[in-house]
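Notes follow the structure.
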Amino acid sequence: MTHVPTVSYDDAGALPVERLDLLLAAHHHDRHQLVQLLREAQELQGWLPRATLAHLARGLGMTQAQVEGVAGFYRFLHMRPMGRYRVLFSDNITDRMLGSEALMGELCELLRVVPGRLRDDGRVSVDKTSCTGLCDQGPALLIDHRHVITRLDGERVARIASLIDAGVPVDEWPAQWFRVVDNVRRADVLLGAPLRKGDAIAAAVGRGPLMLLEEIKRSHLRGRGGAGYVTGRKWELCRQAAGDTRIVVCNADEGEPGTFKDRVLLTRHADLVFEGMTVAALAIGARRGFVYLRGEYRYLLDHLHRVLQHRRDAHLLGLAIQGVDGFDFDIDIHVGAGAYVCGEESALIESLEGRRGTPRIRPPFPVECGYLGQPTTVNNVETYCAAAHVALHGAPWWSSLGTPKSTGTKIHSVSGDCERPGIYEYPYGTRIGRILEDCGALDTQAVQVGGPSGICLSAFEFGRRIAFEDVPTAGAFMVFDRTRDMFDVAHNFAQFFAHESCGFCTPCRVGTALVVKRMDKLVAGRGSRHDIDVLFELDKLMHTATHCGLGGAACNPLRDTIAKFRPAYEQHLKSLYFEPGFDLDAELSIARRMTGRDDPAAHMEGTP
Ligand SMILES: Cc1cc2nc3c(=O)[nH]c(=O)nc-3n(C[C@H](O)[C@H](O)[C@H](O)COP(=O)(O)O)c2cc1C
Ligand code: SF4
């Protein structure tokens, strides 16, 4: 782990201006680097005082309001002190199933902290965050946005509390706590047959850009990030679009709860990812590449920079890519700052440009008008890995794997109620039941495939197959056995969407909050069938009226679980008919206390 140097601040709590000037110079005073500048300034001092924001604004030729507007968008950027230790518990349903909520309660009690609030002495704050992508080794937490701790238990939590109370720097905590294991349980061509560095690039160069593009198209490779758009077609549109330069972006935002396969690809196969991006650059004629790395994976940054430098040294990146005259392609890494919506490709581009991650109105699509208005190809981490293999081994080989409409293999992040959580790669067309058998799942009630935005399958559907033509997926595979309440699962997912809605459009901002409110009412035992009908209505509205895919998918888990696990909802109903959203008798308890009354007439039932 890298040590964060201690620096002294001026009276306003801001970094000395010389430090900020160094940061600004390192980023060429480029306002498109604003998110990176804010993140790096915060890493040096733990939060972003107004004086720091003002200095950055001046250095970038922006107003302070503009800079604050950006800082205010991202959950991992703080405009007020969050403590020397900022602890964030991963709040995915799989973390909860492993006891995360009780562990967080214990830590708060030991540290005398109110969740979400800074302790009075300014030392520590503890809160929840959306899934941190460590579901196979949870419960997990993030500390200071740059360290992850996995496999939490009561003993570990107690030791964390004493280390914080004793003021021990995080770098000096037991190293094994920060160990993230890859848990590769089943490898096929992507995980099991590593390519020699540069081989796919050499093959791509040998074919030439147009034949390479043709090969990618013939392979029928489709995007692995969720929507399943045909990769060759996307690259072709990007190549044909008018622009001064072209951009290749690797979407490593991996924010969908339950998904962690890109984390493993970036850890073990970063060379393959960069090789695939370079193949894409050759095919579309790009000069510039970006990896958009989710903030939760900040701990991978140094490793990724090292791999990139090795590739430059080996002439696999930069000015002198072997065998190609005049081809100059290099890759930067941009670290996100805690916003799930930035995985949506147009929001991601906004963030890359240093702005709030608000999804753009489309068309135009990024392939025509993306990063700084230039044609831009955005693909998932796994898509680039697959493209490198296609460039080397050819389309017939790739399309001999999988099904006719879903060629090749797919990597799954398996978590939840099973003996062997981890990473599993299978050819498309594999049965859900086969994956359950392999991961040691017993007495399974349901599987959530593709994360909360995906599909919830019940036991009678376990014969269905992973494929675009049957069960498509971005990679999450969360298993729930019969002891689980599927209402709790849907409730957790509803909270996730409400938390992550960017607030830009009303149907999503209000709709996701209303869904949570209705579900809270059911949890409080005040629900009726009417509430379930309202949830169905909200689903219909949000499906059609929201600006981006987040709002459109927000009710998917609700719809699936109501349809397939209705008893789980009905056991939370107080009545089959209308029930108000509040309990009038409970509301009267304050008046009873104040008047010292508790006789029958002071209760609703007691009134004539
Ligand atoms: C709210 C939202 C979040 C998304 N998050 C991701 C993500 O984390 N990773 C990803 O590859 N695609 C994500 N996508 C899909 C991207 O917009 C885009 O379709 C994808 O990166 C294209 O790559 P592909 O063609 O290789 O799948 C998300 C979409 C939405 C609507
Ligand atoms: S649907 Fe939700 S996340 Fe998408 S733009 Fe609207 S408010 Fe933002």
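The values are calculated or read from the model by the stated rules, or taken from the named source; none is laboratory data. In this text the structure is predicted, and so the values were computed from the model without any measurement. Cβ atoms come from the backbone with ideal geometry, glycine included; neighbour counts cover every protein chain shown. Side chains are part of the model used for accessible areas, which takes the heavy atoms of the whole protein and leaves out ligands, DNA and RNA. Shrake-Rupley method; radii C 1.70, N 1.55, O 1.52, S 1.80 Å.
Tabulated values for the structure
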{"quantity": "Residues located in the stretch 231-270, provided they are in contact (Cβ under 8 Å) with a residue 12 or more places away in the chain and polar (S, T, N, Q)", "calculated": "T231, T245, N251, T259, T267"}
{"quantity": "Among residues of the stretch 504-519, those that are more than 21 Å from H547 (Cβ to Cβ), of a type outside the set (A, V, I, L, M, F, W, C) and in contact with a helix residue (DSSP H, G or I) (Cβ under 8 Å, 6 or more places away or on another chain), counted", "calculated": "1"}
{"quantity": "Residue in the stretch 234-241 that is buried (at least 22 other Cβ atoms within 10 Å of the Cβ) and within 20 Å of A314 (Cβ to Cβ) present", "calculated": "no"}
{"quantity": "Failed item, numbered, when E18 is tested on (1) over 20 Å from the mean Cα position of the chain (by Cα); (2) open to solvent by less than 10 Å² (accessible area, probe 1.4 Å); (3) of a type outside the set (K, R)", "calculated": "(2)"}
{"quantity": "Of all residues making up the stretch 333-361, the number that are within 21 Å of K234 (Cβ to Cβ), at pLDDT 95 or above and open to solvent by 30 Å² or more (accessible area, probe 1.4 Å)", "calculated": "3"}
{"quantity": "The stretch 193-238: number of residues that are under 25 Å from the mean Cα position of the chain (by Cα) and more than 13 Å from ligand 1 (Cβ to nearest atom)", "calculated": "0"}
{"quantity": "Among residues of the stretch 495-518, those that are crowded, with 22+ Cβ neighbours inside 10 Å, away from ligand 1 (no atom under 14 Å from the Cβ) and farther than 19 Å from R96 by Cβ, counted", "calculated": "1"}
{"quantity": "1 or more residues more than 17 Å from A395 (Cβ to Cβ) and open to solvent by less than 50 Å² (accessible area, probe 1.4 Å): qualifying helices (runs of 4 or more DSSP H) within the stretch 148-219", "calculated": "154-165, 189-192, 199-207"}
{"quantity": "Any hit, the stretch 123-131, residues being touching a residue at least 24 places away in the same chain (Cβ under 8 Å), open to solvent by 30 Å² or more (accessible area, probe 1.4 Å) and either in a loop (DSSP other than H, G, I, E, B) or of a type in the set (G, A, S) (or both)", "calculated": "yes"}
{"quantity": "Within the stretch 519-552, tally of residues that are surrounded by fewer than 19 Cβ atoms within 10 Å (Cβ to Cβ), away from ligand 2 (no atom under 11 Å from the Cβ) and small (G, A, S)", "calculated": "3"}
{"quantity": "One residue from A476, A490, A467 being within 16 Å of ligand 1 (Cβ to nearest atom), small (G, A, S) and within 22 Å of the chain's Cα centre (by Cα)", "calculated": "A476"}
{"quantity": "Unique residue being among the hydrophobic types (A, V, I, L, M, F, W, C) and within 11 Å of ligand 1 (Cβ to nearest atom) when the list is A252, A241", "calculated": "A252"}
{"quantity": "Residue within the stretch 222-230 that is in a helix (DSSP H, G or I) and in contact (Cβ under 8 Å) with a residue 60 or more places away in the chain present", "calculated": "no"}
{"quantity": "Test result for F365, open to solvent by less than 40 Å² (accessible area, probe 1.4 Å) and within 16 Å of ligand 1 (Cβ to nearest atom)", "calculated": "no"}
{"quantity": "Leading residue by the ranking (nearest to R482 (Cα to Cα)) among those in the stretch 555-571 that are open to solvent by less than 10 Å² (accessible area, probe 1.4 Å) and within 16 Å of ligand 1 (Cβ to nearest atom)", "calculated": "P557"}
{"quantity": "Yes/no for E68 being out of contact with any Leu (no Cβ under 9 Å at 6 or more places or on another chain), open to solvent by 30 Å² or more (accessible area, probe 1.4 Å) and assigned to a helix (DSSP H, G or I)", "calculated": "no"}
{"quantity": "Close pairs from the stretch 534-554: first of a type in the set (D, E), partner within 16 Å of ligand 1 (Cβ to nearest atom), Cβ under 8 Å, at least 6 apart", "calculated": "D539/C555"}
{"quantity": "Flag for E368 being in a loop (DSSP other than H, G, I, E, B) and either more than 30 Å from P427 (Cβ to Cβ) or within 16 Å of ligand 2 (Cβ to nearest atom) (or both)", "calculated": "yes"}
{"quantity": "Y577 being more than 26 Å from G451 (Cα to Cα) and either aromatic (F, W, Y) or modelled with pLDDT of 90 or more (or both)", "calculated": "yes"}
{"quantity": "Test: S400 is more than 16 Å from ligand 1 (Cβ to nearest atom) and open to solvent by less than 10 Å² (accessible area, probe 1.4 Å)", "calculated": "no"}
{"quantity": "Test: F477 is among the aromatic types (F, W, Y), modelled with pLDDT of 95 or more and open to solvent by less than 10 Å² (accessible area, probe 1.4 Å)", "calculated": "yes"}
{"quantity": "Residue, farthest from ligand 2 (Cβ to nearest atom), within the stretch 483-518, restricted to residues that are touching a strand residue (DSSP E or B) at 6+ places or on another chain (Cβ under 7 Å) and more than 24 Å from G338 (Cβ to Cβ)", "calculated": "R484"}
